[in-house]
Structure formats: C-alpha cells, structure tokens
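Structure record follows, encoded as structure tokens.
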Amino acid sequence: MSAVRSRLVDKAVLVTGSTGGLGAAIARRLAEEGARLVVTDVDESACRDLVAELPGGTERHLCYALDVSSEDAWRTVVALAEREFSGLSGLVNNAALGSIATVDQEDLDRWERVIAVGQTGVWLGMKHVGPAIERTGGGSIVNMCSILGTVGGLGNSVAYHAAKGAVRTMSKNAALHWARSEVRVNSLHPGFIGTSQLLERYAGTERHEAMLTHTPMGRLGTAEEIAAVVAFLASDDSSFMTGSEIYADGGWTAA
Ligand SMILES: NC(=O)c1ccc[n+]([C@@H]2O[C@H](COP(=O)([O-])OP(=O)(O)OC[C@H]3O[C@@H](n4cnc5c(N)ncnc54)[C@H](O)[C@@H]3O)[C@@H](O)[C@H]2O)c1
C-alpha cells in the first residue's frame, strides 16, 4: 500500500463473508484505515485468525459467526455490535455464493441457496444494520455486486446473475429510503478478480481464459484494488454518493 490513510478512525463497520478472497482484503484495508470491525463469516475459526492479524487485534475488533441468510443471527450481531462499539456506522454486504450453471441446467436447491445468501442476505443486512447506522446519525452501506448484476457475462451463472441483479436495484431502492437520514447505500461491481480462491477453481480452464479475453485491460483485478474502492465508499470522501453503482472491472462494461 502506498500512502498511510486514516479516513475511517471514527467508524465501526460490519463486514460479511470476511474470510473469503475479497472479504479478507476488505477487512485488512478498513482496519488499516482505522475502522473498528465486526468480522463475520460462517467459518468462525477463520474469522478469529483474521482478527488476530488485523491492527489492534481482539482489542479493537469483534468476530461473529454470521450466516447472512439467518434473520436471528443478524439481530444478535447488531445487538452485540451496538453494545460493544456503541453503534455501527458501516456495513459491507460482501458474502455471496456462486454457481456457474446455465439457465437450463441450474438446480432448484442450489438456486435457492444462491438467492438466500447473495440476495436475501443482502436485504437482511440492510434491514437490520441500516436502522443501527441511522441511530448513529448516518453512514455507509456497500453492497458487493458484480458486473454480472448488470450484463449477461459469459452466458452462464443464472442464479448468481439473478441475485446480483437484485442487489443492484435493491441498493438504489434502499438509498432513496434512507437518503434524508444519510444512510448511504451504493453497489460495487467488480469484474473478475484473481483471488487465490478464484484461481484455484478456474486457473487453466476455458472460463479463466474467457475472463481474461473479455477484460479490456487484459488482466484480472486484485482483491486490494477492490478493497480500496470499498474504503472510499465507506469513508466520508464519498459523502455525496448514494444509489450509485461503481464499476471496478478493467473496462468490461465499457466494451
Ligand atoms: N472474485 C471475483 O471475481 C468477484 C467478482 C465480482 C464480484 N464478487 C463478489 O465479491 C464478494 C466476495 O467474493 P469472493 O471472491 O471473495 O468470494 P469467496 O467465495 O472467496 O468468499 C465468499 C465468502 O462468503 C462466505 N459465505 C458463504 N456463505 C455464507 C453465508 N451463508 N453467510 C455468511 N458468509 C457466507 C464464505 O465462507 C466466504 O468466506 C461476493 O459478493 C462476490 O459475488 C467477486
């Protein structure tokens, strides 16, 4: 990282899916910029390991095993965060599940799970954290979307497209609802990002090749490039932005 930044010193931010490829980079960047975090994921021991390596460790950050599709779990984690941090000022709705099945091949159980995590989970996060942010006088919700929430991509991943398309419009809807109370809601749309998890799944496959050839910049993004945009959206540097969709996609949607 180039310069020392401290845009988030007065912020307490909950991040979902924190231990995945992008989630861990986002947590590191927000913590480096001074935020206190509620680090959440379904994998609690991975959350603990991540908190231990963040600046300030367990003295500054909480960890909680949050399944974003459980409304009870959302109620519990918001109560915990409000008690421990005396309020929340941000949410990064980052957790999602993938499925690369096409429209004619997708299976109903997997479809429902992809929607439960990537769509319903984002709504539940906004439903429970939005009012908490309102109670602290405003703040920022970043909904992790995708270029696949806007364009047809590679002609597969139908359930993922459905979830991300919903995230894109729900974000604008929620932004309008909370505009006067300054709970800002923006969606972030990465192109394909070369996290170790993604490369493990696809390196050397036709899909990997397609990701590269369809990206005008000719490379995959890095998790740190996405985390930098999240930090901007979570900070007051983006204070007049709400209902926006931000693309960090190497030019994919410009083509
Ligand atoms: N990697 C990319 O190329 C890319 C591109 C565009 C958008 N995105 C989006 O960025 C976000 C993070 O992607 P990633 O690449 O880090 O994915 P990832 O699969 O590496 O991480 C996802 C995380 O979500 C967690 N998770 C799964 N089910 C959960 C549940 N029910 N409740 C809570 N957490 C759960 C997983 O344990 C994992 O840690 C996702 O929303 C994804 O759709 C990723």
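Figures for the structure shown
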| read-out | value |
| --- | --- |
| Within region 31-98, helices (runs of 4 or more DSSP H) holding 2 or more residues that are over 17 Å from the mean Cα position of the chain (by Cα) and under 25 Å from ILE193 (Cβ atoms) | 44-53 |
| Region 167-192, residues that are in a helix (DSSP H, G or I) and either open to solvent by less than 20 Å² (accessible area, probe 1.4 Å) or among the basic types (Lys, Arg) (or both) | VAL167, ARG168, SER171, LYS172, ALA174, ALA175, ARG180 |
| Hey, ARG7 more than 16 Å from the chain's Cα centre (by Cα) and free of Cβ contacts under 8 Å to residues at least 40 places away in the same chain or not | no |
| GLY218 vs. criteria part of a helix (DSSP H, G or I) and at pLDDT 95 or above | no |
| Region 227-255 - residue that is open to solvent by less than 20 Å² (accessible area, probe 1.4 Å) and among the polar types (S, T, N, Q) and, of those, farthest from VAL13 (Cα to Cα) | SER238 |
| Residue within region 228-242 that is within 14 Å of the ligand (Cβ to nearest atom), among the hydroxyl-bearing types (Ser, Thr, Tyr) and modelled with pLDDT of 95 or more present | no |
| Qualifying residue in region 142-152 (condition: closer than 20 Å to LEU124 by Cβ, part of a helix (DSSP H, G or I) and not charged (D, E, K, R)) | yes |
| Complete set of residues in region 185-197 that are near the ligand (Cβ under 8 Å from one of its atoms) and over 16 Å from ILE147 (Cα atoms) | THR195, GLN197 |
| Hits in region 153-163 (condition: in a helix (DSSP H, G or I) and touching a residue at least 60 places away in the same chain (Cβ under 8 Å)) | ALA159, TYR160, ALA163 |
| Test set (1) within 14 Å of the ligand (Cβ to nearest atom); (2) under 26 Å from ILE115 (Cβ atoms); (3) buried (at least 20 other Cβ atoms within 10 Å of the Cβ); (4) not polar (S, T, N, Q) - VAL13 fails condition number | (1) |
| Residue selected from region 99-115 under the condition in a loop (DSSP other than H, G, I, E, B) and within 13 Å of the ligand (Cβ to nearest atom), by the criterion nearest to ALA35 (Cα to Cα) | SER99 |
| So THR213, is it closer than 19 Å to GLY250 by Cα and within 13 Å of the ligand (Cβ to nearest atom) | no |
| Subset of region 16-53 (residues that are free of Cβ contacts under 8 Å to residues at least 60 places away in the same chain and more than 16 Å from the ligand (Cβ to nearest atom)) | ALA31, GLU32, GLY34, ARG36, ALA52 |
| Test result for ARG5, open to solvent by 30 Å² or more (accessible area, probe 1.4 Å) and at pLDDT below 95 | yes |
| Residue in region 197-204 that is in contact with a Phe, Trp or Tyr (Cβ under 6 Å, 6 or more places away or on another chain) and either in a loop (DSSP other than H, G, I, E, B) or over 30 Å from LEU8 (Cβ atoms) (or both) present | no |
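The values are calculated or read from the model by the stated rules, or taken from the named source; none is laboratory data. Please read these numbers as outputs of a predicted model, since none were measured by experiment. As a convention, Cβ positions derive from the backbone with ideal geometry for all residues, glycine included, and neighbour counts pool all protein chains shown. Surface areas here come from the heavy atoms of the whole protein model, side chains and all, with no ligands, DNA or RNA. Shrake-Rupley method; radii C 1.70, N 1.55, O 1.52, S 1.80 Å.
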